[in-house]
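Remarks on the structure that follows.
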Amino acid sequence: MSELVALDACGTIQLPCDLLAAVEPHTRFVLEVQGETMVLRPVTELPCWHTATPQVRAEAARRWAELERPAAPLIPDAALHREQMYWP
């Protein structure tokens, strides 16, 4: 089966309703790009934040906070003045 679909300016793909008749609303998909081919596969397992305990989520947040961050340029003091933050 072939269907012609298009992307809008934001990159949203609109698929015909009859093509998605067997899919429940709000189904999440993983997009796999294989060269010029894109494959949508339904997500079959819940993300970890749905099943993890508060302790596991807190530990994951701590591990993330401890990761080394890439070097970034410093923001000059002048950029933090009120006159620089708001447009006239």
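The values are calculated or read from the model by the stated rules, or taken from the named source; none is laboratory data. Because the structure is predicted, anything quoted here is derived from the model rather than measured. Please note: Cβ atoms are built from the backbone with ideal geometry, for glycine as well, and neighbour counts cover all protein chains shown.
Within the stretch 27-68, track down each residue that is within 30 Å of Ser2 (Cβ to Cβ), of a type in the set (Asp, Glu) and loosely packed, with under 10 Cβ neighbours inside 10 Å.
Correct list: Glu36 only.
What are the residues in the stretch 1-16 that are of a type in the set (D, E, K, R) and either within 15 Å of Leu40 (Cα to Cα) or not in a loop (DSSP other than H, G, I, E, B) (or both), if any?
Selection gives Glu3 alone.
Consider Pro73 carefully, then state whether it is modelled with pLDDT under 85, more than 21 Å from the chain's Cα centre (by Cα) and not aliphatic (A, V, I, L, M).
So Pro73 fails the test.
Glu45 is checked against (1) modelled with pLDDT of 85 or more; (2) in contact with a Ser or Thr (Cβ under 9 Å, 6 or more places away or on another chain) and fails just one. What number does that condition carry?
Failed condition: (1).
Name every residue in the stretch 1-16 that is closer than 29 Å to His50 by Cα, more than 15 Å from the chain's Cα centre (by Cα) and either basic (Lys, Arg) or surrounded by fewer than 10 Cβ atoms within 10 Å (Cβ to Cβ) (or both), in order of residue number.
Gln14
Can you tell me which condition Ala72 does not meet? The list is (1) surrounded by 10 or more Cβ atoms within 10 Å (Cβ to Cβ); (2) over 30 Å from Leu7 (Cβ atoms); (3) of a type in the set (A, V, I, L, M, F, W, C), and all the others hold.
Among (1) surrounded by 10 or more Cβ atoms within 10 Å (Cβ to Cβ); (2) over 30 Å from Leu7 (Cβ atoms); (3) of a type in the set (A, V, I, L, M, F, W, C), the lone unmet condition for Ala72 is (1).
Regarding Leu19, is this residue surrounded by 10 or more Cβ atoms within 10 Å (Cβ to Cβ), in a helix (DSSP H, G or I) and free of Cβ contacts under 8 Å to residues at least 24 places away in the same chain?
For Leu19, the condition - surrounded by 10 or more Cβ atoms within 10 Å (Cβ to Cβ), in a helix (DSSP H, G or I) and free of Cβ contacts under 8 Å to residues at least 24 places away in the same chain - is met.
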